[in-house]
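Written below as structure tokens is the structure these notes are about.
Every read-out reported here was derived from the displayed coordinates using simple, explicitly stated rules and does not represent laboratory data. These numbers were taken from a predicted model, which means no experiment stands behind them. For neighbour counting, all protein chains shown are included, and Cβ atoms are generated from backbone atoms with ideal geometry for every residue, glycine included.
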Amino acid sequence: MSKEKSEIRNQKSEKLLIAGGRVIDPASGTDKVADVKIEDGVIVKDFSARSAFETIDAKGLIVTPGLIDMHVHLREPGREDEETIETGAQAAAAGGFTTIACMPNTSPPIDNRSVLEYVTDKAVGAAVNVKVVAAITAGLAGERLSEMGDLANAGAVGFSDDGRPVANSALMRLALEYSKVFDLPIISHAEDIFLSKDGVMHEGFISTQLGLKGIPAAAEETMIARDIILAELTGARLHITHVSTAGGVALIRAGKLRGIKITADVTPHHLVLTDENLKGYDTNYKVNPPLRTQADNVALLEGLINGDLDAIVSDHAPHAAQEKEQEIEAAPFGAIGLQTTVPVLLTHLLSSHFDLPALIGKLTVGPAGILGLRAGTLGSGEAADITLIDPKAKLKIEPGYFLSKSRNSAFIGSDLVGSAKYTIVGGRIVFEAGGRSNEG
């Protein structure tokens, strides 16, 4: 890893010129070497008058709309030892993200206006824009709906009981019907808890070899199928998060072909890791849904290329070290990912079949469209949320690399290429890689 140290900043220039970078804006189909001009926090075609402006030399860098991660766990309120809104936002900025959407499985959960407003108030002044996904059910208990209307009016961008499925089909139908009124997506954690009960990893040859109870692909696929049927019944918007199986991709593809309002996302770890990574019983590879097989990896990548999967998310899930250091059966599911998403994708996914503009689209215009955000584009007059990526930066992922409070990464020890160089939010440079030296 470089001897240079990255830094979180809070620097705003009235006028900022990003000069000579490869500008990729999937929303407009732009892919060319160009300048991007920012004035008073907004992207402009031309500066209003001749005056001094700060310049970023972007030669050799990729300039994109600010990246969006629509699936992040910030743990506040309740588990500030694992992550806070402030530290999660800093990790997001270092990862190149300008907007994140936090999940509601906090303590207390984000199932009412007061908790939602607590989070949004705490997020004021954070390094990046923080949006809130509210709970589908009160207390995430799956027994009765949350005050969805009040939460929508308070600014929720979607509803999910992520970490838990809504097992009651009648309640899930009702949630979809209510969400349709507000044109907000229901974000489904697709898991049949009776099929997955006590499971640790993907059910297959490796789980048998390791003597660990498995979670079958059917545990995910049966719930994806149910939720697609309910979305068709209600006409509501359904989003399937962290898809992990080939069968799940096939179900989503078939539903889209029938005209059902379905979108879906996938994580980097489900794209590039497999159940074989669990052979060392490393709990950092224990995630939910579990890492599957190489065949599933291939199907997920094909789903991205074909448009069956609309977004890539980190599913950033911080856990305290003492919890992850338990035996694998007792350790919690989840891995952090805000700072490794871009490097993992650039290292492993770029090919002649999945080009860079398409990849950037899954991190910008894709999630923006799902959540109804005015973001994910470099259009004139839009907020200056911009990410500059160095495609040649070399990284060795070590515990000290992370700004998150937690270190439970599935990519510790990995050698990766490509990462955020600058992250700009509303015209402010909030992150700069290699800002200071480690020495002295």
Requested in this report: Please build a GNM for the chain, connecting alpha carbons under 10 Å apart, and tell me which residue among 347, 137, 267 fluctuates the most.
Outcome: 347
Query - Full-stretch length increase - residue 121, residue 258 - with 0.36 nm per residue and alpha-carbon distance subtracted - result: 45.2 nm
Query - Highest-fluctuation residue, 90, 339, 294 considered, GNM on the chain with Cα pairs under 10 Å - result: 294
Query raised in the report: For segment 194-208, in order, what is each residue's ³J(HN,Hα) by Karplus, 6.51 cos²θ - 1.76 cosθ + 1.60 with θ = phi - 60°, in whole Hz (x at glycine and Pro)?
Result: 7, 7, 8, 3, 6, x, 10, 8, 4, 7, x, 4, 5, 4, 5
Report task. Would you calculate a helix-derived [θ] at 222 nm for the chain, using -39,500 (n - 2.57) for each DSSP H run of n ≥ 4 and dividing by the full residue count, to the nearest 500? Result -> -8000 deg cm²/dmol
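For residue 55 and residue 306 in one chain, what is 0.36 nm times their gap in residues minus the Cα-Cα distance, to one decimal in nm?
Difference between extended and current length: 86.5 nm.
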Report summary line: With 0.36 nm assigned to each residue of separation and the Cα-Cα distance removed, residue 321 to residue 31 gains 100.2 nm
**Report entry** Computed label-point distance, nm, for sites residue 81 and residue 276 using a 7 Å Cα→Cβ extension
**Finding:** 3.7
**Report entry** Separation in nanometres of the label points that stand 7 Å from Cα toward Cβ, at residue 232 and residue 208
**Finding:** 3.4
Requested in this report: Springs between alpha-carbon atoms under 10 Å, Gaussian network over the chain: tell me which of 321, 299, 92 tops the mean-square fluctuations.
Outcome: 321
Report summary line: Taking a straight Cα-to-Cα line shorter than 16 Å from residue 261, and setting aside same-chain lysines fewer than 8 residues away, one finds 180
Requested in this report: Could you name the aspartates and glutamates whose alpha carbon sits less than 17 Å from that of residue 213, not counting residues in the same chain fewer than 8 places away?
Outcome: 191, 192, 198, 203, 275, 276, 282, 327, 329
Report task. Kindly state, to the nearest 0.05, the FRET efficiency for residue 48 paired with residue 7, given R0 = 22 Å and r defined as their beta-carbon distance. Result -> 0.15
Report summary line: With a Förster distance of 45 angstrom and the Cβ-Cβ distance between residue 374 and residue 333, calculated FRET efficiency to the nearest 0.05 equals 0.85
Query raised in the report: In the neighborhood of residue 187, defined by Cβ-to-Cβ distances under 11 Å, what is the net charge if each Lys or Arg adds +1 and each Asp or Glu adds -1?
Result: -3
Report summary line: Expected sort for 399-407, 72-80 on mean C-beta neighbours within 10 Å, highest first, is 72-80, 399-407
